[in-house]
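Working notes, beginning with the structure itself.
The values are calculated or read from the model by the stated rules, or taken from the named source; none is laboratory data. Just so you know, these numbers come straight off a predicted model, no measurement behind them. All Cβ positions, even for glycine, are placed from backbone atoms using ideal geometry, and neighbour counts span all protein chains on display.
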Amino acid sequence: MSNQALIDAMSKVNPKQREAIETIDGPVLVVAGPGTGKTQLLSLRVANILANRDISAENILCLTFTEAGAEAMSKRLARFIGKDAYQVRINTFHAFATYLRSRHIEYFDRSPFDTLITSLQTKKLISRFLMELSVTDPLFNRQNDKGVPSNLGGVIGFIGKVRTSGLSTDELRAIVGQSVDTIEFLETHTDLAARMTLSVPGGKDAKAEFCDELKAKAAIIFESLPPHLTEKIVALPGSHEPLGDYLARTFAETEWYEGKNNATANGFGKLRDAYFDKKTGTFDHKFKKRYGKMLAALDIFDRYRQHLKENGLYDFNDMIFDAIAAIENHEELRQLLQNQYRYILIDEFQDTNGSQMRIVDLLTQGLKCPNIMAVGDDDQAIMRFQGASVAFLKQFEETYAGTRRIVLQTNYRSTPALVKLGQDVAVQIEGRSEASKKDKDLVAFRPETGPTSFDVCCYPSKELQYYEIAKSIRKRIDAGFVRDAANPAEAIAVLSWKHDSLRSLIPYLKMFDIDFNYAIVTTVAKTESLQGLLASLHYVSHLANGDVKRSDPWLPQILAAPELGVSPGEYVHFALAAKKDPGGWTAALAKTDSTTLGAISKRLSQPVKLAACASAHKTIVFLAKPFIEYYQSRIEQDPFAALEFNYGVTALLDFATSEKAIGENSDRAAFALTLGEVMELLSEAERFDENINIRVPVSRPEAITLKTAHNSKGLEYDLVYLLDADEKTWHGAGGGRAEIACPNIYLSEQRDDDDMRRLLFVAITRARTELEMSLGRSGVVAELLEHVEEKPVEPELPDIQAQSMVTWQERYYPDDHALQAMVHSVLAEKRISASFLNAFVEFDADDMRDGSGFVIRQAFDFPRSPVAHFAFGTLAHRYLELYLNHVVKAGDVTPKDLLAKIHAEVDALDFEQAERDHMHEQLNLIAEVFVPEAEAYLNKDAIAEQWIRAEIEGVPLVGRSDLLKLDHERKMIWVCDFKSGSPKNLGAAYLRQLVFYKILIEQSGEWTGWTVSGGMDIFIEPDTSTKELHPPKMFNVPAEDMEHVRKLIKTLYWRLQNADFDTSAFDPAGLDKKEIQRAYENWLIEDYERRS
């Protein structure tokens, strides 16, 4: 441990931070506003615990909301305690749940053969359930013009909230039952409804007296509710309130009369309209009906869960629920985890949902004074749409008796004026916690170096706003604002509430030649570069079914695709001929004497015969070939289009792979889908509004950043532009989806004004020094009205004319041709793996050593037909992993059943029957010859298919081992590779890989204190003639190569960050083949050390 680094860091903390860091034992709640140094605090607290308590790093668990947050904490912690930082388990909740399953598989009940249900399959399933409802069911709803129940989205959203709530359907039904009983009691035993539906008298004094008396009477009525109606059904904080308590709180917090002489008192009117029926003098029918709708929705959810269970399916949330079930059902596991994780720290606690909180509750269950610290800020609780509940933060002190609350008040990020503007917005949040209301008055640490007041520039239209913002950014860049920034990547950001605003801005950024960083998300259906391929798929699919009438309309689009090279003149000439042909376009194409058109005709006709029986993967790759060749040839001219096409085809193939009709047709499920089935699924995706998304990252060094306010959380910039700061954008109509969850049960999806206030607060507080706000329509967002000046802007005529030249048809991505800059984001974000390192380091005299060859291979991995050898290798690895985890360790699968399941997976592979038959033979040989002899490898001291992460000097590493063979007594590890085929002479690449894994494992926190002894090749296929196994080959790790490979790793990472892959300066002249590789590696290292 670097005690001096810890001492130096501790000398710079303020008193409140020091209090949080030095309060080691017991529950602690830290309310940390923006810029108050929470990441530094969490890291220092971990270091301080290790320095002052007799525990190891593996006894500390840190849970975060995002992977980025976990990585930031690891890096910060490494500054203080070195590589021990990577032994501290710092995970997201989902990653922690996955880890528990991998290390404690014997406590998990889920079958290893269960399959993840897709979003489309979920929509189809829930839609079917809804369409089976009777007209008297509370959830019965009309169908839209696509034949889909209109309330499908609402029901699926409700199910998602139930899944993340941490509550069972039985618990939710009990809460609903208590609520219904409360309504019945209030209707039959009190006159509350009758009083609340009285007419409001005239005159201010009379209104005030009426409201005061009624409010007091309502409070007495709520206090008189019997105990069984006020007791919480579930102790989990943030889950619900008894309806009586909810109504009492809502009535008490509402300002019934605002002193205005209007017809009704506004607050009273809102309460009456929300809960009562003025005509009948009773509780409102719609309000009561929501409880019936919720019960019906819970029935749908139970049917959904039962369907998943019966058909071997699971959804994403089951990763968390499986972990909850394992801990709840196995006291031994809970005790084991409590003994291991003596200290728990949770970051971004305000974003925790019910199921995540349930894990925390289980890890602290039964402990009188658990050592748990939660750090959060209810003012930044912006993830409610994902099931998060700020109530957990608010109720932390109730949950953990004796909690020490510490409120950080010093903001180190922003200027005093910006801190004040943020506070002015935050105090308007109606649902603030008591800690924030009383104690969180942020004070800026920095001096005032920026503007002390703020304007909102009001433009006549959104388009003129975007033009002027782009023009302003260009002026800033030209004046050196980005170049002179301490961190150019954090100089300028443009934030907005919606992606639509950012996309609309992009054409104007292009007009002013402004580089930007933005992850562009589009869909397969809307991607320009995919339209020719999609048309080809539709054409072949219809033609294979003999439906020429439906296939012919796709030919004009196919022949017009620029990728296929038909000239405009040739297209027009053919179109005229096709119009005259009685057989239509298809018949005319078959008769063409054009070389280009003839080649297209031949390529389209070849897969027609196979489309009805061949797998979709093979057909798609075949039809994509000319498109792939086109984009490969244009990578340097238009790298974005190539990336977009590559990601698009990959997304399409993933869709085809994932959408097997598992569980609905067991006989068909064992086989890959045909093209016709995939095209039918694409039509269903359109019908159910299911997008096949494509995410293409655009990143340039020193470019400005475009982010939504949600995605800007945790980031900061010198200058922030906030687009569309108008009332309609921030508080306009939401999705209009009918709410199913009842108001006292916290499963609501509808955003409210507090949600938008918190989001606006987050956006404002990203700015360090300057904040530029603008809108393209009248009406500044209400929360800013009293704190900014509205500044009307009338652009000059030349600007209006220039703006009008930008159209909605502009492509919203960069059109320059800087290949390496374009793919920088694709490669720079990668962790270094052994294969990635080898791909860069291996010298190839025939390759393009200017770096473009490496870039193209790594960034543009165009889809290709599967290779049988690799596919079988993957399946064999899966078989052995499942054998170890479920036959040997968990004992929940028999060897016979496992082998049968893997044989079924062979049948589903995309190969000819003869190839699959050969795989069946290979698999049987492995099961009959290798497995019985594999006890030395496949035992409870081994770990299969283990993902390992580490860092060396800031370089992120990752790898996945086939098998780790452990010697617990000596803390030694053998890195084992399963090999199919016969032994071969292994070259430098394999030895480099072995050294890489030694570095990776020994630097990872999980294996701190362990030593990698060497590597072992384990041959799983017997010799074809003798049917005997080849003996394993063992390798020692050359100590002299450790430092060499470390330097190669740093060299590659440096080149990735600088988008510099040109190695053409290396001169191999005079070297023989044996010398070149090592000389090349030495040159790479020397070049890095000279230039870095």
Tally, over the stretch 559-589, of residues that are within 46 Å of the chain's Cα centre (by Cα) and of a type in the set (Gly, Ala, Ser): 4
Can you report the number of residues in the stretch 889-898 which are of a type in the set (A, V, I, L, M) and either more than 34 Å from the chain's Cα centre (by Cα) or assigned to a loop (DSSP other than H, G, I, E, B) (or both)? 2
Using beta carbons and a limit of 7 Å, which pairs, at least six apart or on different chains, have the first residue in the stretch 44-57 and touching a residue at least 12 places away in the same chain (Cβ under 8 Å) and the second one assigned to a helix (DSSP H, G or I) and among the acidic types (Asp, Glu)? Asn48/Glu22; Ala57/Asp84
Considering the stretch 828-857 alone, what residues qualify as being at pLDDT 65 or above and among the acidic types (Asp, Glu)? Glu829, Glu842, Asp844
Output the residue which, of all residues in the stretch 428-459 that are in contact with a Lys or Arg (Cβ under 8 Å, 6 or more places away or on another chain) and closer than 11 Å to Asp379 by Cβ, is modelled with the lowest pLDDT. Ala435
For the stretch 1-56, which positions are under 12 Å from Leu345 (Cα atoms) and in a strand (DSSP E or B)? Val28, Leu29, Val30
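So if I check each of Arg195, Arg173, Arg128, Arg142, which one is under 29 Å from Arg384 (Cα atoms), assigned by TED's automatic domain parsing to the domain that holds His240 and in contact with a helix residue (DSSP H, G or I) (Cβ under 8 Å, 6 or more places away or on another chain)?
Details: Arg195 fails: under 29 Å from Arg384 (Cα atoms); Arg128 fails: in contact with a helix residue (DSSP H, G or I) (Cβ under 8 Å, 6 or more places away or on another chain); Arg142 fails: in contact with a helix residue (DSSP H, G or I) (Cβ under 8 Å, 6 or more places away or on another chain).
From the options Arg195, Arg173, Arg128, Arg142, the qualifying one is Arg173.
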Regarding the stretch 946-958, can at least one residue be identified that is surrounded by fewer than 16 Cβ atoms within 10 Å (Cβ to Cβ) and at pLDDT 90 or above? no
Scan the stretch 372-426 for residues that are outside any helix (DSSP H, G or I), aromatic (Phe, Trp, Tyr) and farther than 15 Å from Ala32 by Cβ and jot them down. Tyr400
Pull up the stretch 1028-1048, narrow it to residues that are out of contact with any Asp or Glu (no Cβ under 9 Å at 6 or more places or on another chain) and not aliphatic (A, V, I, L, M), then point me to the one that is farthest from Phe1061 (Cα to Cα). Glu1028
Are there helices (runs of 4 or more DSSP H) fully within the stretch 526-602 with at least 3 residues that are of a type in the set (Gly, Ala, Ser), in contact with a Phe, Trp or Tyr (Cβ under 8 Å, 6 or more places away or on another chain) and surrounded by 14 or more Cβ atoms within 10 Å (Cβ to Cβ)? List them. 531-544
Being part of a helix (DSSP H, G or I) and either touching a strand residue (DSSP E or B) at 6+ places or on another chain (Cβ under 6 Å) or polar (S, T, N, Q) (or both) narrows Ala193, Ala252, Ala248, Ala219 down to just Ala193
Which condition number does Val31 fail, the rest of (1) out of contact with any strand residue (DSSP E or B) (no Cβ under 6 Å at 6 or more places or on another chain); (2) within 24 Å of Asp439 (Cα to Cα); (3) of a type in the set (A, V, I, L, M) being met? (1)
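Conditions (1) surrounded by fewer than 16 Cβ atoms within 10 Å (Cβ to Cβ); (2) outside any loop (DSSP other than H, G, I, E, B), marked per residue:
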| residue | (1), (2) |
| --- | --- |
| Pro138 | no, no |
| Gly160 | no, yes |
| Val176 | no, yes |
| Ile183 | no, yes |
| Val200 | no, no |
| Glu213 | yes, yes |
| His228 | yes, yes |
| Glu231 | yes, no |
Can you spot a residue in the stretch 909-919 that is outside any strand (DSSP E or B), at pLDDT below 90, on the phi < 0 side of the Ramachandran plot and touching a Ser or Thr at 6+ places or on another chain (Cβ under 7 Å)? yes
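Please verify whether Ser111 is at pLDDT below 90, more than 20 Å from the chain's Cα centre (by Cα) and outside any helix (DSSP H, G or I), treating the condition exactly as stated. If you could, list the steps in order and put the result at the bottom.
Numbers: at pLDDT below 90: yes; more than 20 Å from the chain's Cα centre (by Cα): yes; outside any helix (DSSP H, G or I): yes.
It is true that Ser111 is at pLDDT below 90, more than 20 Å from the chain's Cα centre (by Cα) and outside any helix (DSSP H, G or I).
Every residue, every condition in (1) surrounded by fewer than 20 Cβ atoms within 10 Å (Cβ to Cβ); (2) on the phi < 0 side of the Ramachandran plot, yes or no:
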position	(1), (2)
Ala988	yes, yes
Gln993	no, yes
Val1012	no, yes
Ile1020	no, yes
Lys1027	yes, no
Lys1033	yes, yes
Trp1054	yes, yes
Gln1077	yes, yes
Would you check which residues across the stretch 51-97 are crowded, with 23+ Cβ neighbours inside 10 Å and within 15 Å of the chain's Cα centre (by Cα) and list them? Thr64, Phe65
Does any residue of the stretch 496-503 turn out to be crowded, with 22+ Cβ neighbours inside 10 Å, at pLDDT 95 or above and not assigned by TED's automatic domain parsing to the domain that holds Trp585? yes
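Can you pull out the residues in the stretch 482-523 that are over 18 Å from Arg695 (Cα atoms) and in contact with a Pro (Cβ under 6 Å, 6 or more places away or on another chain)?
Scanning the stretch 482-523 gives a single hit, Val482.
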Got a number for residues in the stretch 238-248 being buried (at least 20 other Cβ atoms within 10 Å of the Cβ), over 12 Å from Ser179 (Cβ atoms) and touching an Asp or Glu at 6+ places or on another chain (Cβ under 9 Å)? 1
Against the definition (under 17 Å from Ala944 (Cα atoms), surrounded by fewer than 19 Cβ atoms within 10 Å (Cβ to Cβ) and over 31 Å from the mean Cα position of the chain (by Cα)), how does Ser1064 come out, yes or no? no
When the stretch 626-637 is examined, which residues are found to be farther than 19 Å from Ala535 by Cβ and surrounded by 20 or more Cβ atoms within 10 Å (Cβ to Cβ)? Ile635
Going through (1) in contact with a strand residue (DSSP E or B) (Cβ under 9 Å, 6 or more places away or on another chain); (2) over 30 Å from Asp513 (Cα atoms); (3) among the hydroxyl-bearing types (Ser, Thr, Tyr) one by one, Ser472 fails only at (2)
Expected output for the stretch 970-982 (first residue in the same structural domain as Thr1024 (by TED's automatic domain parsing), partner exposed (fewer than 12 other Cβ atoms within 10 Å of the Cβ), Cβ below 7 Å, 6+ apart or cross-chain) is Lys971/Gly1009
Only one of these conditions is not met by Ile514: (1) within 30 Å of Arg483 (Cβ to Cβ); (2) at pLDDT below 90. Which number is it? (2)
The number of residues in the stretch 73-92 that are over 16 Å from Gln340 (Cα atoms), of a type in the set (Lys, Arg) and touching a strand residue (DSSP E or B) at 6+ places or on another chain (Cβ under 9 Å) is 2
